[in-house]
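Bear in mind these aren't lab numbers, they're just calculated from the coordinates by the rules spelled out. Since the model is a prediction, treat every value here as computed from it, not as a measurement. Heads up, the Cβs are rebuilt from the backbone with ideal geometry, glycines too, and the neighbour counts pull from every protein chain shown.
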Amino acid sequence: MAINFRNLFSFQPAEVKKAFAVAIKLGYGQGVKLIKAPTTTPYSKLLVVTPRAAGKAHDRNLIRRRAKAIFYESASHENPAIFILLVNKRATTASFDSLKAFLLNYICK
């Protein structure tokens, strides 16, 4: 399977369940929490969880788009792992630069 943008962010339900079962905490930021789980794929993937309590739909979509763009552009998909970004209400006030600094700090290690 070729690595493309869609493959980095698509998951099967069993894959998500397994990832949450064995995930370890990496860090906390302004309204976001990052956890990591091992994967069987030769590249890493990102799952962004944005519940309704995190804000209106356009705010949640903005956070998702930003996180995916940062993940894809930083070439952080080369290290095999599943990264799960959990978002809450405070994340809607975070800037792109602060989200980028947080993700690069923990994902590109």
Subject >> Point-to-point label distance, Ala57-Ser74, nm (Cα→Cβ direction, 7 Å offset) >> reply: 2.9 nm
Original post:
Which of the chymotrypsin sites (Phe, Trp or Tyr not before Pro) found in segment 1-84 are loop residues per DSSP with 15 or fewer other Cβ atoms within 10 Å of their Cβ?
Top reply: Phe11, Tyr43
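Sort Arg90, Arg66, Arg52 so that the residue with the fewest other Cβ atoms within 10 Å of its own Cβ comes first and the one with the most comes last.
Details: Arg90 13, Arg66 18, Arg52 8.
Placing the least packed residue first, the sequence is Arg52, Arg90, Arg66.
Determine, for each peptide in 92-102, 29-39, the mean count of other beta carbons within 10 angstrom over its residues, then list the peptides with the highest first. The partial results should precede the final answer.
Details: 92-102: 15.2, 29-39: 18.3.
Order by mean packing, descending: 29-39, 92-102.
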